[in-house]
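Structure, as structure tokens:
Any read-out appearing in this document is the output of simple, stated calculations on the displayed coordinates, not a laboratory observation. From a predicted model like this one, the values you see are computed outputs, not experimental measurements. Cβ: placed from backbone, ideal geometry, glycine included. Neighbour counts: every protein chain shown.
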Amino acid sequence: MISVNGISKKFGKQEVLKDFKLSFDTGNSYAIMGPNGSGKTTLIKSILGMVLPDSGEILVKGQSIKGSESYRSSIGYMPQIGRYPQNMKVGQLFSMMKDMRPEIKNYDMDLVEAFELNKIKDKSMGTLSGGTVQKVSAALAFLFNPEILILDEPTAGLDPIAVEILKSKIQRERKAGKLILVTSHILSDLEELTNHAVYIFEGKVFFNDTIESLKEMTSEEKFSPAIAKLMQWTLKKKSTTYELTHA
Amino acid sequence: MLKLLKYALYDILKSRFAIIYTVFLALVAISIYQVSDDLSKVSLSLMNIMIMIVPLISAVFATTHFYNNLEFIELMLAQPVKRSQVFLSQLFAVILMLSLSILFGFGLPMLLWGADSSLITLLAVGVILSAVFTGFAFLASVLTRDKAKAIGISLALWIYFSLVYDGFVLYIIYSFADYPLEKATLGLVMLNPVDLGRILMLMQLDISALMGYTGAFFQKFFSSNMGLFIAGGTLALWMLFPNFFALRVFRKRDF
Amino acid sequence: MIWYQIRIMKRYLTVFLLLLFLVSTAEGFSTVIRISPGQSIQEAVDRAMPGDTLRVAPGTYPQSGIVIRKSLVLIGEDYPVLDGEMKGNVLVIAADNVTIQGFKIINTGKSNMDDSAGIKFFDSKNCVIRDNILENAFFGLHFSNSSGLTIIGNQIHSGAVREFEVGNGIHLWKCKNSFIGNNEVSGHRDGIYLEFVTNTQAKENLIQKNMRYGLHFMFSHDNSYIRNTFKNNGAGVAVMYTKNVLMKENRFEENWGSSAYGILLKDISDSEVIGNIFLKNTVGIYMEGSSRIEFTGNTFRENGWALKLMASCDQNTFKANNFTQNTFDMSSNGSVVLNTITENYWDKYEGYDLDKDYVGDVPYRPINLYSVIVEKIPAAVMLWRSFLVTLLDRMEKILPTMTPDQMIDQSPKMRPYDIG
């Protein structure tokens, strides 16, 4: 569904992604992990077209995304911190997003209903609390039934009830065969939501396989210690990083 | 594009700033109308505001607005819309808001108390200068990744065009006082949108008689079709170039 | 007491009536000749004896080049029209004690060669020209080498479009002891032109919309100009090379243009300019090479520059004038100033008056920095009204560095004088 074919990106002198190769397939849910500055945000932004790689290409549904914007109608993106025009009302924000995808007529209103966003549709975005804004972001990401969902720290800032609603929604979508990319610092969430782990270290894929094989490879029973072990390995092999994959 | 513009414009017009700016301009205009008894004095006083305040506010506001909307711009970029459309909708929203503030803030008092061709020119110059300095501000914004730095660059451009450049001109005129300078000064005027706007305004008022030979030369130039065409074209270039470069940078920029 | 006075008055009255009778009968001895349309005025003039009166009946007389060489009184009844048909002068007079009254004189020749005029006088004395209407004349009234002229109540208008197509309205060359009053001149080159004219007074004339100067004089000493209005003339008023001039209560208005002046004074000395009003001129007064002129009680309002005082001027005094709503109050091209500026009212004065004597406690500097710069480098005018200039002027007010030190009103008035 998404193939990242050897992209490199430098910010100034810092090389954030180095000949980065990875592909994401339909029906899987990927946990994208890595220490701060490892390149995961750059990867997500590259897929979204917000960061333009220096070299290499990204294919979404077999088409290069370079110079294209229509592919983004099949992506639902939930930013880490959603900031919206202060004076825009919630209802207007939704109609604007719908305006931008005039070809899509079937809306997924699950989250809108579950978060009861209709009740606040006349409130200005500027008056909403951080958690409510996250609810709006989540609802918008799922609204258009996208084939690909990119969720950046989806549970941060949400109250426990909303977290549960969102999680079950993500799981439903995954079962429905969507491609889901999630970043999060909360490992338990990732374990619940994903079946595939991608660990990025210093601009390269350090680990990319199912969570089962991760546990197997690290000989750990649980997800968190498995990740911790992975991190220790990266520290040891800092000088010579290489890719670990299930043979 | 129009959809994006509609929403961006809606947001910006409802902002407190749009209202404060309009009211501020209206208060200035009203007090000037109250104090001065004839239209040419009103024009002159309003012109001073236009030349100094409007570029300053345009530059600072546009930069602030760009950075305050950066996350929203990023959100837009993740949607299936063209980058250029995202940029242009933001740009036009800012220019439209600044222009509407001028048209209402200055225009309503004019409707109430009368106007002449010089005041119409004044409104046009105000709108043009707003567009020019919004362009500078957006260019400064896309070239930097830091709001403070961008505001710094915008302010520097404002100071350059409204103060430093004229000092430089004065120095040149002073150094070459023995040579005929009319054509040279005309050229220098073209290289600064603020000066060009100011001279266009002055030419509308019959105070150009006070400007001696240089004034007469300018008057002749700016009242010819060719002169007006060149002045209009130059102003159009001043509006287009910063915005065009800002757009180019925006299309290649990482967010 | 009262009875006595009445008696004396009665006696005077008797004497007066007797004199009146004698005078009227004396006039009766001279002949009154009547002229009607179709008759030649020149023939009538030739036939008349000195002292005769010619009464011209209403109608049109297509006659030009009428020459008068004897003392005659010509009176037009209900403005008979003397049509010069574009040929030379209409009336030419070289005689003393001539009166021309009540004519409408139109269409003189348009030649600069012979200075065609409606009425032209040579070497004449004690003549009266009154209540005539001159239209479309090259020169209106033209006087050479004459004296004792009384020029009153004439209306002189020309519809010429370009300056070289028309001469002056009232033109005096080498004349003296004359009076020019209540005339109206418009559309000519100069309204009133005086060259080598002395001991003459111009009073209550309305001179407007002339191509060049409203009033123009040179080498014309000991004259006075009182309550005239010079309005909207091409270049205002220009006077030169003259001493002992009195200008009182005139109005200089709306002389607006890149080289127009309310009044231009060049080499004028020992004169007085009192109680005049300078309104809406590009430059109220421009003076160079002028000395010992007293400017008192004048009003300068809404001029571009109220005063342009060149460094070649000295010992002039500006006292108790009002300066209001001028773009610039004063400018000068030099830094040495030998003139006195005192006790004027300046509306731009921002000082204070702690001791409440209506005189400001800090001096006023009527010259701002920018006007000094523009005087030195005229091209700097392109920076007019720019932020830079505003800032420079502000700074100069706080820390004067460039403006002439002596050009200061040490006792500016807090309130305008009650004049004009």
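For the peptides A:100-109, C:308-317, A:209-218, C:280-289, the ranking by mean Cβ contacts within 10 Å, running from highest to lowest, is C:280-289, C:308-317, A:209-218, A:100-109. Computed over the alpha-carbon atoms, the stretch A:170-218 gives an Rg to Rh ratio of 0.98, Rh here being the Kirkwood radius from the mean inverse distance.
With a Förster radius of 45 Å applied to the beta-carbon distance between C:PHE219 and C:GLN101, the computed FRET efficiency rounds to 0.90. Across the alpha-carbon set of the stretch C:25-230, the Rg to Rh ratio works out to 0.96, Rh being the Kirkwood radius.
Projecting the Cα atoms of C:TYR345, C:TRP305, C:SER186 onto the charge dipole of chain C, computed from C-beta unit charges around the Cα centre, puts C:SER186 farthest toward the positive end. Here's the picture: a label point sits 7 Å out from the Cα of C:SER40 along the beta-carbon direction, and within the stretch C:56-89 the residues with their amide nitrogen under 13 Å of it are C:63-67.
So, in nm, how far is label B:VAL249 from label C:THR31 when the simple model puts each one 7 Å beyond its Cα toward the Cβ? About 10.2 nm, to one decimal.
DSSP assigns beta bridges within the stretch C:190-330; of those with both partners inside it, close to 0 percent run antiparallel.
Over chain A, Cα pairs under 8 Å with separation of 6+ residues give a relative contact order of 25 percent.
Peptides C:296-302, B:162-168, C:134-140 ranked from most to least packed, by the mean per-residue count of other Cβ atoms within 10 Å: C:134-140, C:296-302, B:162-168. More than 18 angstrom separation, counting every C-alpha pair in the stretch C:279-336; what % is that? Of all Cα-Cα pairs in the stretch C:279-336, 29 percent lie more than 18 Å apart.
Converting phi to 3J(HN,Hα) with the Karplus coefficients 6.51, -1.76 and 1.60 and the offset θ = phi - 60°, the stretch C:267-273 yields 6, 10, 9, 6, 10, 10, 10 Hz in sequence order, with x at every glycine or proline.
Kirkwood radius and radius of gyration were both taken over the C-alpha atoms of the stretch B:1-94, and their ratio Rg/Rh is 1.13.
Each Lys and Arg contributes +1 and each Asp and Glu -1, all at the Cβ; summed about the Cα centre of the protein assembly as shown, the dipole is approximately 1700 debye. Amide H contacts for C:VAL128 (H built 1.01 Å from N in the peptide plane; partners 5 or more residues away or on another chain; cut-off under 5 Å): C:VAL98, C:THR99, C:ILE100, C:THR150. For C:ALA320, neighbours were defined as the other residues whose beta-carbon sits under 10 Å from its Cβ, and their charges (Lys and Arg +1, Asp and Glu -1) total +1. Helices in chain B, meaning DSSP H runs of at least 4 residues, each add -39500 (n - 2.57). Divided by all residues, the mean residue ellipticity at 222 nm is -28000 deg cm²/dmol. Anisotropy class assigned to the stretch B:58-101 is oblate, per the alpha carbon gyration tensor with a/c at or over the 1.5 cut-off and a/b no larger than b/c. Two numbers describe the Cα atoms of chain A: Rg and Dmax, which are 18.4, 56 Å. What fraction, in whole percent, of alpha-carbon pairs in the stretch A:146-246 exceed 25 Å separation? Here the long-distance tail beyond 25 Å is 25 percent of all Cα pairs in the stretch A:146-246.
Tally Lys and Arg at +1 and Asp and Glu at -1 over the other residues with C-beta under 13 Å from the C-beta of C:ASN112: what net charge comes out? Result for the local shell: -1.
Helix-only arithmetic for chain C: the sum of -39500 (n - 2.57) across DSSP H runs with n ≥ 4, divided by the residue total, places the mean residue ellipticity at 222 nm at -4000 deg cm²/dmol.
Beta bridges from DSSP with both residues in chain A: antiparallel share about 55 percent, rounded to the nearest 5.
Rounded to the nearest 20, the Cβ-based charge dipole of chain C about its Cα centre (Lys and Arg +1, Asp and Glu -1) stands at 760 debye. Against the empirical curve 2.2 N^0.38 Å, the C-alpha radius of gyration of the stretch B:2-252 lands at a ratio of 1.06. Each label point was placed 7 Å from the Cα along the Cα-to-Cβ direction; for B:LYS149 and B:LEU2 their separation is 3.9 nm.
When the Cα positions of A:SER73, A:ASN145, A:SER124 are compared along the charge dipole of chain A, A:SER124 comes out farthest toward the positive end, with charges on each C-beta of Lys, Arg, Asp and Glu.
With all pairs of separate Cα atoms included, the stretch C:323-374 yields a Kirkwood hydrodynamic radius of 12.5 Å. Here each label is just a point 7 Å from Cα along the line to Cβ, and for A:ASN145 and B:LYS82 those points are 2.9 nm apart.
For C:THR299, the residues whose amide H sits under 5 Å from its own are C:ASN276, C:ILE277, C:PHE278, C:ASN322, ignoring neighbours fewer than 5 places away on the same chain, with H placed 1.01 Å from N. At 20 angstrom or more along the helix axis (alpha-carbon based) and mean Kyte-Doolittle of -1.0 or higher, what helices does chain C contain? Whole DSSP H runs only. Result, helices passing both filters: C:2-29. Per residue, the convex hull around the alpha carbon atoms of the protein assembly as shown comes to 267 Å³.
With R₀ fixed at 45 Å, the C-beta to C-beta distance from A:ASN106 to B:VAL60 puts the FRET efficiency at about 0.50. Bin width 20 Å, alpha-carbon pairs only: give the P(r) of chain C as whole percents, running from 0 to the bin holding the largest distance. Whole-percent P(r) values from 0 Å outward: 25, 43, 25, 8, 0. Please name which of A:SER219, B:ASN48, C:THR324 has its Cα lying farthest along the dipole of the protein assembly as shown towards the positive end, using unit charges on Cβ (Lys, Arg +1; Asp, Glu -1) and the Cα centre as origin. The residue sitting farthest along the positive end of the dipole is A:SER219. One decimal place: the segment B:ASN225-B:SER36 gains 64.8 nm when fully extended, by the rule 0.36 nm per residue minus the C-alpha distance. Per residue of B:76-87, other chain Cβ atoms within 10 Å of the residue Cβ number 6 on average.
Computed from point charges on the beta carbon alone (+1 for Lys and Arg, -1 for Asp and Glu), the dipole magnitude for chain B about its Cα centre is near 1060 Debye. Each semi-axis of the equivalent ellipsoid for the stretch B:136-230 is √(5λ) with λ an eigenvalue of the Cα gyration tensor; in descending order they amount to 31, 16, 11 Å. For A:LEU17, the residues 5 or more places off, or on other chains, whose built amide H falls under 5 Å of its own are A:LYS9. Just so you know, the Cα atoms of the stretch C:33-122 work out to an Rg and Dmax of 12.1, 35 Å.
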